[in-house]
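Colleague: The following block contains the structure, expressed as structure tokens.
The values are calculated or read from the model by the stated rules, or taken from the named source; none is laboratory data. These numbers were taken from a predicted model, which means no experiment stands behind them. Cβ sites come from the backbone with ideal geometry, for glycine too, and all protein chains shown count toward neighbours. Accessible surface areas use protein heavy atoms only, side chains included; no ligands, DNA or RNA. Shrake-Rupley method; radii C 1.70, N 1.55, O 1.52, S 1.80 Å.
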Amino acid sequence: MVHAPATVTVTGAAGQIGYALLFRIASGQLLGPDTPVKLRLLEIPQAVKAAEGTAMELDDCAFPLLSGIDITDDAGRAFDGVNVALLVGARPRSKGMERGDLLEANGGIFGPQGAAINAGAADDVRVLVVGNPANTNALIAQAHAPDVPADRFTAMTRLDHNRALSQLAAKTGASVADISKLTIWGNHSATQYPDLFHAEIAGTKVTETLDISPGGKDQAWLADEFIPTVAKRGAAIIEARGASSAASAANAAIDHVHDWVHGTPQGEWTSAAIVSDGSYGVPEGLVSSFPVVARNGRWEVVQGLDVNEFSRARIDASVRELVEERDAVKDLGLI
Ligand code: NAD
Ligand code: LMR
């Protein structure tokens, strides 16, 4: 059954991630082969012309599911009737810049966009914030949208999740397709905690293959290689490419929204930064990454996992950073 067209708004549409994302959305990879898509591209005035160029290319692909493209520099227009909002537009971190430096530069963007979503979005709107600092930008947007259920605001840690899958596959020789139940906790930053203690490879716990327990022979690999490699991968890509990750970020955004709408596979979970309900001691209201499943179009935190001392300390450290970011944007009057 072919559905009515969904309106998908992409901010920062003329940027690197935008370029890697829009063609995949238009081809049906975001919402599936039965949902035509109307694209709304939001850019700053100086970049509208470049977005028009991308739109010309989208036209030239003759995607059967693409039922229209609007380009605007007006947030009110961009989010009017929106079903899926991908908030990508922000200033990317450049070499040597810390994410904290971005709070002020980018925080101002997300308040007005949250307000525009509040004013005009469709009842079923789903928001994914990609632009950094993603968790706190999502918090700002959500704080400006009091009429939209808070659980519609999310931030992206799926790229971190995918990076962790790939690193674990490389270490163990397993296929990424066989790995499940891995978790990214906390902030999309260098403090994030990629947790392997519940992960499984083809149904067998990773802890049976790798001795990552305290004092175990693989604990140094976990603490000194795996965790920092995943957590600092964004910086490593910037160092290598001279620009932040784009195609992999777009791919993760597709994965996040696709799972949110269509559900996560039975018996598996993924990672997403969602508004905390207080689970696992994460203060209510913070946008923090959790182990999640998507059921009936909603994210649910996977409950009841044992959190050992090693994990607890790292989750707490990342959550502390989120609290500091929240306090900083509060002081700046952004929430
Ligand atoms: P980019 O500089 O190539 O593109 C950003 C675009 O956003 C530009 O075209 C710019 O004109 C636009 N923009 C700026 N302010 C805007 C506004 N107020 N409204 C609409 N558009 C606006 O950057 P990029 O490489 O596409 O990265 C975008 C963001 O994504 C950055 O913040 C980056 O750090 C972040 N990122 C996040 C993840 C993640 O995993 N969460 C991964 C990679 C990158
Ligand atoms: C990434 O994880 O690739 C980005 O968030 C990089 C960054 O920190 O800007």
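Colleague: Which one of 192, 167, 46 has the biggest mean-square fluctuation once the chain is modelled by GNM with Cα springs under 10 Å?
Modeller: Ranking 192, 167, 46 by mean-square fluctuation puts 46 first.
Colleague: With all protein chains present, how much of the accessible area of the chain (probe radius 1.4 Å) comes from carbon and sulfur, to the nearest whole percent?
Modeller: 49
Colleague: While we're on this one: Return one whole number: the accessible area per residue of the chain in Å², for a 1.4 Å probe.
Modeller: So the chain comes to 42 Å² accessible per residue, rounded to a whole number.
Colleague: Which of the aspartates and glutamates could be linked to residue 49 by a straight reach, that is with a Cα gap under 12 Å, when you skip same-chain ones fewer than 8 residues away?
Modeller: Correct list for residue 49: 73.
Colleague: Using a/c under 1.5 as the rounded threshold, could you call the stretch 184-242 rounded, prolate or oblate? The axes a ≥ b ≥ c are square roots of the C-alpha gyration tensor eigenvalues, and prolate needs a/b larger than b/c, oblate otherwise.
Modeller: Judged from the Cα gyration tensor, the stretch 184-242 comes out prolate (a/c at least 1.5, a/b above b/c).
Colleague: In whole angstrom, how far apart do the alpha carbon centroids of the stretch 24-78 and the stretch 275-335 sit?
Modeller: After rounding, the separation between the Cα centres reads 32 Å.
Colleague: Which shape class, rounded, prolate or oblate, goes with the stretch 206-335 when its Cα gyration tensor gives a ≥ b ≥ c as root eigenvalues, a/c under 1.5 marks rounded, and past that a/b bigger than b/c marks prolate?
Modeller: Because its axes are fairly even, with a/c under 1.5, the stretch 206-335 counts as rounded.
Colleague: Given 171/232; 205/232; 38/330; 181/217, which pairs have Cα atoms separated by over 28 Å?
Modeller: Violating the 28 Å limit, Cα to Cα: 38/330.
Colleague: How high is the relative contact order of the chain, given as a whole-number percent (alpha carbon pairs under 8 Å, six or more residues apart)?
Modeller: Relative CO of the chain lands at 17 percent.
Colleague: Rounded to the nearest 20 Debye, what is the dipole magnitude of the stretch 43-192 about its Cα centre when Lys and Arg each give +1 and Asp and Glu each give -1 at the C-beta?
Modeller: Here the size comes out at about 800 debye.
Colleague: Could I ask something else about it? Starting from the 7 Å offset along Cα-to-Cβ, what nm value, one decimal, do you get for the label separation of residue 124 and residue 298?
Modeller: That separation, rounded to one decimal, is 1.5 nm.
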